[in-house]
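Student: Have a look at this one.
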Amino acid sequence: MGMEISRLAINEKIARYALTAGVVSLYCLVASMDSLAASLPMLLAVCAAIVVMLAVAAFLSRNLPIFSTNWVVLFAVVFRLLFVMRPPELSDDIFRYLLDGLNLLNGLNPYQYPPAEASRLGLASENLIGLVNHPELASIYPPVAQLFFALGAGLGLGIYGIKLLFAGIDIVNCLLISDLLHRKKLPRSLCVLYAWHPLPVIEIAGSGHLEAVAIFLLLLGMKALQNNHSTSSNRLASIATIAGSIAGSMTAASALTKLVPMIFAPFLLLKSSDKKTFVVAGIAAAILVTVPFLPFIANGLHTLRVYAANWEFASLGFKLLHSATNSGNISRIVLAGLFCACFAFFFRQAAQKTISTEKAMYLTAVSFALLSPTLHPWYNLYFLVFLPFCPKPSGIVLSFAAFLPYYAVMVCKLSGVWSDPVWISATIWAGFWAALLLEVFFVKQYLAKTD
């Protein structure tokens, strides 16, 4: 028995140091690239290797406690620091964040004028406005996002203040995921699937995307419900009420950072014992943060309508439907209907306790990624945050395929022409469904052997 324990300890150390050394080396290779966009083939190869190593770590975590939370978080910090002071290369969204934040700090409603109009009126820096995409449209980002933009801009470091803020918040996300895994009696080591994954490292620390904040607020809501109790005890009922109010307000704040987390709100409501408090707190929080931006927030809603009606990218479903119907509106309606059907099915499964709430949220986020008319790489962060709770090969494959749309960025950087070839979205779908079919096959094989 003693020799067996000793052998397990040795195997645990070998796995820990070998996997860590491999991932660190690969991240250093990425950080040494002069241009991520121009080096896309190498970037994809390195990211694939990192994802494979994380998949191995997740597999080994079933029997070996390979990584402690401190170990995971330490290197999560290191990986993000490699990119946080690099200029954003794969997205220019952060310049809009900075403009909105500076406007708010200067007492100007960020929804009042589109950047082009603000430039004409002399209300913003010409140099900064020249870096903002679609300057003819008012900001699309919701009120809570604006508050965090102002907080990042207030650090006085320009875009790097926002990147540092969001990268720091993302480290907290890693801690929250680890805690939630522990409470679900899952290995904390699985947190590595998010903490060390190149998608949040590049998208949040590298490009400074806002998803870090939306995920942070969502995870706070989930954590609040861990102390949720359904009981007649006055003390525990009070705890449930407090948990419901925190979860409701945090869920509303998450949805008012980026709208996507709205799809998770019903699952958290389902999990709450005090549903009335959850709803009331959510509505109150939404009103509290929205009212100060009235009436000009209507301009942001106009931008949202323009986006919803016209944007499409890396979506095989949209391309196929548009080819068949020659109508963007019909294609979007069909995709929305398919997503609603998936959502209803997973919600019912969670309500019947056939699957866990976390798994239902993961499957809903995967459905959103596959059925959204627009699939930018950072949209995949919403399912990646739940991957540690459902470490399936199909999800791991999809998390790597999320990088393929950067082909369009590379072509645009090198030629000045924006392209969205169908092979990108087809590869994303093919990789996911092939991995899913293999999952089903091996599960059937396993069940057949155990009968």
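The values are calculated or read from the model by the stated rules, or taken from the named source; none is laboratory data. A quick note: this is a predicted structure, and the numbers were derived from the prediction, not measured. Because the Cβ atoms are built from the backbone with ideal geometry, glycine has one as well, and the counts that use them run over all protein chains shown.
Student: Within the set of pairs 6 or more residues apart or between chains, which connect a residue that is more than 16 Å from Gly317 (Cβ to Cβ) inside the stretch 422-447 to a residue that is at pLDDT 90 or above and of a type in the set (A, V, I, L, M) with Cβ atoms less than 6 Å apart?
Tutor: As it stands, the answer is Ala435/Val397, since those pairs meet every condition given.
Rundown of residues vs (1) closer than 24 Å to Ala401 by Cβ; (2) out of contact with any helix residue (DSSP H, G or I) (no Cβ under 8 Å at 6 or more places or on another chain); (3) β-branched (Val, Ile, Thr), yes/no style:
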| site | (1), (2), (3) |
| --- | --- |
| Gly161 | no, no, no |
| Ile169 | no, no, yes |
| Val172 | no, no, yes |
| Lys185 | no, yes, no |
| Leu190 | yes, no, no |
| Leu199 | yes, no, no |
| Gly206 | yes, no, no |
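Student: In the stretch 314-327, which residues are touching a residue at least 40 places away in the same chain (Cβ under 8 Å) and assigned to a helix (DSSP H, G or I)?
Tutor: Passing the criteria: Leu316, Gly317, Phe318, Lys319.
Student: For residues in the stretch 119-152 being modelled with pLDDT under 90 and among the hydroxyl-bearing types (Ser, Thr, Tyr), which is farthest from Gly208 (Cα to Cα)?
Tutor: Ser119
Here is a yes/no grid of residues against (1) at pLDDT 95 or above; (2) charged (D, E, K, R); (3) surrounded by fewer than 21 Cβ atoms within 10 Å (Cβ to Cβ):
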{"site": "Thr231", "(1), (2), (3)": "no, no, yes"}
{"site": "Arg235", "(1), (2), (3)": "no, yes, yes"}
{"site": "Ile239", "(1), (2), (3)": "no, no, yes"}
{"site": "Thr251", "(1), (2), (3)": "yes, no, no"}
{"site": "Pro261", "(1), (2), (3)": "yes, no, no"}
{"site": "Leu268", "(1), (2), (3)": "yes, no, no"}
{"site": "Asp274", "(1), (2), (3)": "no, yes, no"}
{"site": "Gly282", "(1), (2), (3)": "yes, no, no"}
{"site": "Phe313", "(1), (2), (3)": "no, no, yes"}
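Student: Still on this structure, I have one more. Select from the stretch 290-342 the residues that are among the β-branched types (Val, Ile, Thr) and within 25 Å of Ala118 (Cα to Cα) and list them in ascending order.
Tutor: Thr290, Val291, Ile297, Thr303, Val306
Student: A further question follows. Take the residues of the stretch 417-449 that are out of contact with any Lys or Arg (no Cβ under 8 Å at 6 or more places or on another chain) and of a type in the set (D, E, K, R): which is modelled with the highest pLDDT?
Tutor: The residue in question is Asp420.
Student: Need pairs with beta-carbon distance below 7 Å; first residue surrounded by fewer than 17 Cβ atoms within 10 Å (Cβ to Cβ) and within the stretch 334-363, second outside any helix (DSSP H, G or I); sequence gap 6+ or separate chains.
Tutor: Between residues of the stretch 334-363 that are surrounded by fewer than 17 Cβ atoms within 10 Å (Cβ to Cβ) and residues that are outside any helix (DSSP H, G or I), the close pairs are Gln349/Ile355.
Student: Taking the condition among the aromatic types (Phe, Trp, Tyr) and touching a Phe, Trp or Tyr at 6+ places or on another chain (Cβ under 6 Å), does Phe386 pass?
Tutor: Details: among the aromatic types (Phe, Trp, Tyr): yes; touching a Phe, Trp or Tyr at 6+ places or on another chain (Cβ under 6 Å): yes.
Yes.
Let's see how each residue does on (1) among the aliphatic types (A, V, I, L, M); (2) surrounded by fewer than 21 Cβ atoms within 10 Å (Cβ to Cβ); (3) touching a helix residue (DSSP H, G or I) at 6+ places or on another chain (Cβ under 9 Å); (4) over 24 Å from Gly158 (Cβ atoms):
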site	(1), (2), (3), (4)
Cys28	no, yes, yes, yes
Ser35	no, yes, yes, no
Met42	yes, yes, yes, yes
Cys47	no, no, yes, yes
Met53	yes, yes, yes, yes
Val77	yes, yes, yes, no
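Student: Before we move on, is Ala116 surrounded by fewer than 22 Cβ atoms within 10 Å (Cβ to Cβ) and modelled with pLDDT of 90 or more?
Tutor: No: the conditions fail for Ala116.
Student: Name every residue in the stretch 392-418 that is closer than 19 Å to Val56 by Cα, surrounded by 20 or more Cβ atoms within 10 Å (Cβ to Cβ) and either more than 20 Å from the chain's Cα centre (by Cα) or not aliphatic (A, V, I, L, M) (or both), in order of residue number.
Tutor: Those that are closer than 19 Å to Val56 by Cα, surrounded by 20 or more Cβ atoms within 10 Å (Cβ to Cβ) and either more than 20 Å from the chain's Cα centre (by Cα) or not aliphatic (A, V, I, L, M) (or both): Gly395, Ser399, Phe400.
Student: Let me ask something else about it. At pLDDT 90 or above, farther than 24 Å from Ala435 by Cβ and of a type outside the set (Lys, Arg): is that true of Leu44 in this structure? Spell out the reasoning first.
Tutor: Numbers: at pLDDT 90 or above: yes; farther than 24 Å from Ala435 by Cβ: no; of a type outside the set (Lys, Arg): yes.
So Leu44 does not fit the description; no.
To keep it simple, each residue is scored yes or no on (1) among the β-branched types (Val, Ile, Thr); (2) over 30 Å from Ala37 (Cα atoms).
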| residue | (1), (2) |
| --- | --- |
| Ser367 | no, no |
| Leu381 | no, no |
| Phe386 | no, no |
| Phe403 | no, no |
| Val417 | yes, no |
| Val422 | yes, no |
| Ala426 | no, no |
| Trp433 | no, no |
| Val440 | yes, yes |
